[in-house]
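Notes for the one structure printed next.
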Protein chains: 2
Amino acid sequence: MLDERKRRVLQALTDDYIQTAEPVGSRNLARKYNLGVSPATIRNEMADLEEEGYLHQPHTSAGRIPSDKGYRYYVDELMARWEPGPAERSAVYREVVAVRRAMEEMIHEAARLLARHTQYASVVAAPRLEASVFRRLDLVPLDETRVVAIVVADPGFVQHRIVEVVRPVTQDQCDIVADRLNRRLFGVRYGDIGRDLLSGIKDEVGHPELYDAVADLLTSGLGDRETDKVYLEGTLNILSQPEFRDIERARSLLALLEARDILTQVLNHASRHSGTTVIIGQENPVPALRECSVVSATYRLGDEVIGALGVLGPTRMDYSKAVGMVQYVANHLSEALMGLVRGH
Amino acid sequence: MLDERKRRVLQALTDDYIQTAEPVGSRNLARKYNLGVSPATIRNEMADLEEEGYLHQPHTSAGRIPSDKGYRYYVDELMARWEPGPAERSAVYREVVAVRRAMEEMIHEAARLLARHTQYASVVAAPRLEASVFRRLDLVPLDETRVVAIVVADPGFVQHRIVEVVRPVTQDQCDIVADRLNRRLFGVRYGDIGRDLLSGIKDEVGHPELYDAVADLLTSGLGDRETDKVYLEGTLNILSQPEFRDIERARSLLALLEARDILTQVLNHASRHSGTTVIIGQENPVPALRECSVVSATYRLGDEVIGALGVLGPTRMDYSKAVGMVQYVANHLSEALMGLVRGH
DNA sequence: GTTAGCACTCTCCGGCGCGGAGTGCTAAGA
DNA sequence: TCTTAGCACTCCGCGCCGGAGAGTGCTAAC
């Protein structure tokens, strides 16, 4: 579609704009990037690129800025591939891979690292439980009608909820329910726990109501709230971006980010296709994020996609680094999670 | 020290400035608050108040602004007592007291509520464990050298840590260690768990290393990290304050808040004396918070102070409402926590 | 097809003047 | 002696203006 020279102009211009946040003029472009032609020629090319929708001018007699279409072309075809340097490699190793602790901690650390190294905001969706393996359930009565249910799943994953029942419950009853369920479920993949698997036990236990409540929790309840959990880090970085020098803009974006469900939505949208996804400006389904871009990738436990992580910044984003970093972190997080699974 | 008329002028001026964020002039003051004297007289009083350090002028020929000393006098002697209205009462009930779930959730909700109703940032220090009562320990092996230790304490409080050992450990060994410790510790106040209480068991269990690691966790480890845990909510509210219209200021404050240890420090400083504390501007030990005020109060479990909560805003803060609200929430949180304790 | 030259446009920025708000001082009144 | 009206003065904020700078599009020559 675009001839070689137009591609080079678009690439140089986008690189420059990403770096400086200032509209880029022909003279500047000719000086900094040796395109081998004069500013006048570049002007002509720029006019063509604008006509085709890849660039636009904030006002006559200003330099050009890439449009969303321009960024899209840049991301798909032009940008250089970014490779992690020693700093990034060692940081990922130290702060994510080496944390052989709870799964959640690793994921949280991944979010922090991503934010710190890209200088954008990072978003990480907490993992879906389906792929993890049930290990143990404990029921501890708090008082007569409230019981703490604690579930441990395989890659270092602990969750607890308080279950309320109407009929008073004793420690012994808790132990029986827990024991039966543990026998039945040990080693079972979380996503495979269903009503059928749990049937036939109910009559054996002394407190059917408790049993029901816990079974509910196991089949659906635990996942529900966790799926929506999103780690958000580096929101402050956004304030450093010149596009958010205007405080009202910054505020409305930050307010949006605070409402985590929007982010979940964006990440879910992204995690439909595995691999790395780049959503640029207008492409974003959420209207309020039309001036932002999101780079995201999925992470896995074994072969199964269990979550997504990404960075969010202005459309004028360093896509090359963002994509590279997100991919790198996603891959190493996946590996590290696999390393947590019992027996590895 | 100050005669009645000076007190009234200082009060009116502070009220006005808190509301409008604009330097207050004599004419304005005379018109809005019927002080019964002319602007000229008020001018004289204001000049006196300035000389004594209660007010200052941003520049000649501007109105006056309370100084830190002025705010201090206002807080200690002048401000009206704020009482929670139906909105606040019902919100506290619905969102904190009625959440009869885990302690942490309640506390987190308290932080959110405080932020929402004051429009400042809220800070809540997670409770010290000392006052809670041990109920149950569970040890679940993840793999041969890593064990999840889960501790349940009385007011609906669950924590877990991953413990690493060198010598491989089996499920049975875990069960024995847990069982011995549970027998010994059930019903013991957390703060009373010490080495002496745990002595004599070590030889009974099959895995002394695991025993040691868990004992360590119980005597010191669990508390350590939790004490530093701080819930921070409503940081965005700060951006709405006109004193932070300047983005750089806003950014540096937000960056400071992100480093939670500073907040812990401030709250700890405040929780030395029980009751409500107001730290105004310069009084703050943290230099970067010299333009902010913090209103905080302690919350209790029974008679014991276990944590602190507060709000943070510009020195031009609605102290009356802030103090009232912080107190109200602290009291009701304390009550609600007591209500969680087994048997109530 | 490329490029030098040129006229034109638009933003940014410092200087200027003006209106408004507020002050301090003085002198007259209670 | 305290209060207040009057007045001159100060300083900020704002709109206006003009020049410098950056960039463009067009034209004509190479």
Distances from A:Asp196 to the same residue in each other copy, label points 7 Å out along Cα→Cβ, in nm, shortest first?
6.0
Would you please state which residues of the range A:313-344 a label at A:Ala91 would reach in this model, taking the label point 7 Å out along Cα→Cβ and a backbone N cut-off of under 18 Å?
A:313-314, A:317-334
Report the paramagnetic label zone for A:Glu77: residues of the range A:30-59 whose backbone N is under 17 Å from a point 7 Å from Cα along the Cα-to-Cβ axis.
A:45-56
The ³J(HN,Hα) series, computed from each phi in the range B:33-46 with the Karplus coefficients 6.51, -1.76 and 1.60 at θ = phi - 60°, rounded to the nearest Hz and given as x for glycine or proline, is 10, 7, 8, x, 9, 7, x, 4, 4, 4, 4, 4, 4, 5
Rounded if a/c is under 1.5, else prolate if a/b beats b/c, else oblate: with a ≥ b ≥ c from the C-alpha gyration tensor eigenvalues square-rooted, which is the range A:93-151?
prolate
In order over the range B:148-158: 3J(HN,Hα) from phi, Karplus 6.51/-1.76/1.60, θ = phi - 60°, whole Hz, x for each Gly or Pro, gives 8, 9, 10, 10, 10, 10, 4, x, x, 10, 10
I'd like to know which of A:Val140, B:Asn331, A:Pro314 lies farthest towards the positive end of the charge dipole of the protein assembly as shown, counting +1 on Cβ of Lys and Arg and -1 on Cβ of Asp and Glu.
A:Pro314
Selected from A:Val96, A:Val188, A:Val166 as most flexible by GNM, with chain A as the system and alpha-carbon contacts under 10 Å
A:Val166
Going by the alpha-carbon gyration tensor, a ≥ b ≥ c the square roots of its eigenvalues, is the range B:4-78 rounded (a/c under 1.5) or, if a/c is not under 1.5, prolate (a/b greater than b/c) versus oblate?
rounded
Given the candidates B:His269, B:Val214, B:Ala30, the one whose Cα lies deepest towards the positive end of the charge dipole of chain B, counting +1 at each Lys or Arg C-beta and -1 at each Asp or Glu C-beta, is B:Ala30
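If the only charges are +1 at each Lys and Arg Cβ and -1 at each Asp and Glu Cβ, what is the size of the charge dipole of the protein assembly as shown around the Cα centre, to the nearest 20 debye?
Working: 84 positive and 100 negative charges, 234 e Å.
That gives a dipole near 1120 debye.
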Using a 7 Å Cα-to-Cβ projection, A:Ala255 label spacings across copies, nm, ascending
2.6
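Net charge near B:Arg260: determine it from the other residues with C-beta under 11 Å of the C-beta of B:Arg260, scoring Lys and Arg +1 and Asp and Glu -1.
On the way: positive: B:Lys229; negative: B:Asp228, B:Glu258, B:Asp261.
Spelling it out: positives minus negatives among the neighbours equals -2.
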Cα gyration tensor category, rounded, prolate or oblate, for the protein assembly as shown with a/c compared to 1.5
oblate
Here the range B:321-328 yields Karplus 3J(HN,Hα) values (6.51, -1.76, 1.60; θ = phi - 60°; whole Hz; Gly and Pro given as x) of 5, 4, 4, x, 5, 4, 4, 4
Suppose R0 equals 56 Å; then what is the FRET efficiency for B:Glu52 and A:Arg116 from their Cβ-Cβ distance, rounded to the nearest 0.05?
0.70
Expected max-MSF residue from B:Pro127, B:Pro66, B:Pro285 in the GNM of chain B (alpha carbon, under 10 Å) is B:Pro285
Expected-Rg normalisation [2.2 N^0.38 Å, Cα atoms] applied to the range B:1-156
1.68
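How big a patch of accessible area, both sides summed and in Å² to the nearest 100, lies buried between A and B at a 1.4 Å probe? Before the final figure, lay out each step's value.
Details: alone 16520 and 16510 Å², together 29510 Å².
It comes to approximately 3500 Å² buried between A and B.
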Two pseudo-spin positions, 7 Å from Cα along C-beta at A:Asp261 and at A:Ile162, lie apart in nanometres by 2.4 nm
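Expressed as a rounded percentage, what relative contact order does the range A:188-344 have, with Cα pairs under 8 Å and six or more residues apart?
Details: 157 pairs, mean separation 22.2, N = 157.
Normalised by residue count, the contact order of the range A:188-344 is 14 percent.
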Normalising by the residue count of the range B:32-143, find the relative contact order in percent from Cα pairs under 8 Å and 6+ residues apart.
11 percent
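Whats the longest run of chain A with zero trypsin sites (Lys or Arg not before Pro) that are DSSP loop and have at most 11 other Cβ atoms within 10 Å? Display every interim value, and only then the final one.
Values: sites that count: A:Arg81, A:Arg272.
The longest such stretch corresponds to A:82-271.
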What is the distance, in nm, between label points placed 7 Å from the Cα along the Cα-to-Cβ direction at B:His59 and at A:Ala62?
3.0 nm
To the nearest 20 debye, what charge dipole does the range B:126-279 have about its Cα centre, counting +1 at the Cβ of each Lys and Arg and -1 at the Cβ of each Asp and Glu?
460 debye
Residues whose modelled amide H sits under 5 Å from the amide H of B:Val230, counting only those 5 or more places away in sequence or on another chain, are B:Ala126
Could you report the range B:134-226's accessible area per residue, 1.4 Å probe, as an integer in Å²?
40 Å²
Within the range B:143-164, whose backbone N sits under 17 Å from a point 7 Å along Cα→Cβ of A:Asp143?
B:153-158
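So if I place +1 on the C-beta of Lys and Arg and -1 on the C-beta of Asp and Glu, and nothing else carries charge, what would the dipole magnitude of chain B be about its Cα centre? I want it in debye, nearest 20. Walk me through the numbers before you get to the answer.
Working: 42 positive and 50 negative charges, 210 e Å.
The calculation lands at about 1000 debye.
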Residues whose built amide H sits under 5 Å from the amide H of A:Trp82, excluding neighbours closer than 5 in sequence, are A:Gly324
Need one number for the range B:134-226: average projected area of the convex hull over its C-alpha atoms, nm².
5.4 nm²
Partner shielding of A:156-163, taken as the mean number of other chain Cβ atoms within 10 Å, equals 5
Which far-off residues, 5 or more places away or on another chain, put their amide H under 5 Å from the one on A:Val133, with H placed in the peptide plane?
A:Asp154, A:Tyr190
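What net charge do the residues around B:Tyr74 carry, taking every other residue with its C-beta under 10 Å from that of B:Tyr74, with Lys and Arg at +1 and Asp and Glu at -1? Walk me through the intermediate numbers first.
Values: positive: B:Arg7, B:Lys69, B:Arg72; negative: B:Asp15, B:Asp76, B:Glu77.
With Lys, Arg at +1 and Asp, Glu at -1, the neighbours total 0.
Taking a quarter of the surface of the Cα convex hull of the range B:231-285, what do you get in nm²?
Details: hull surface 17.5 nm².
Mean orientational projected area (the range B:231-285, Cα hull): 4.4 nm².
The values are calculated or read from the model by the stated rules, or taken from the named source; none is laboratory data. Note that the structure is predicted; figures quoted are calculated from it, not measured. Positions of Cβ are backbone-derived with ideal geometry, glycine not excepted, and every protein chain shown enters the neighbour counts. Ligands, DNA and RNA are stripped out before the accessible areas are found, and what is left, the full protein with its side chains, is counted by its heavy atoms. Shrake-Rupley method; radii C 1.70, N 1.55, O 1.52, S 1.80 Å.
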